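Report on the following structure.
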Amino acid sequence: MNNLIGKLSLTIRNLSRDDGQDLVEYALVVALIAFGATATMQSLASSISLAFSNMAASLTSNIT
C-alpha cells in the first residue's frame, strides 16, 4: 500500500514539473481540432439538409 502511494505521489510530482510551453502546445492543438470539427460539421449539416430537402421535394412531386 505504501509503495502504491509512493508511486502515485511520484507521478503527481512528475506531472507538475511539465513546462508551460507543453500546455500551450496542447491547447493550440485542441483548439485547431475544435475549429476543424466545427467547420466540417457546418458543411456536413448543410449538405444533409440539402439532401433531405431534395428527398422531400421528390416525394411530394411523386405523391401528387
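Rule-based calculations on the coordinates, nothing more; no lab input. Note that the structure is a prediction, hence the values are computed from the model and not measured.
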Bins of 5 Å from zero: percent of alpha-carbon pairs in segment 24-64: 5, 22, 13, 13, 11, 9, 9, 6, 6, 4, 2, 1
So between residue 25 and residue 10, what do we pick up on full extension, going 0.36 nm a residue minus the alpha carbon distance? 3.0 nm
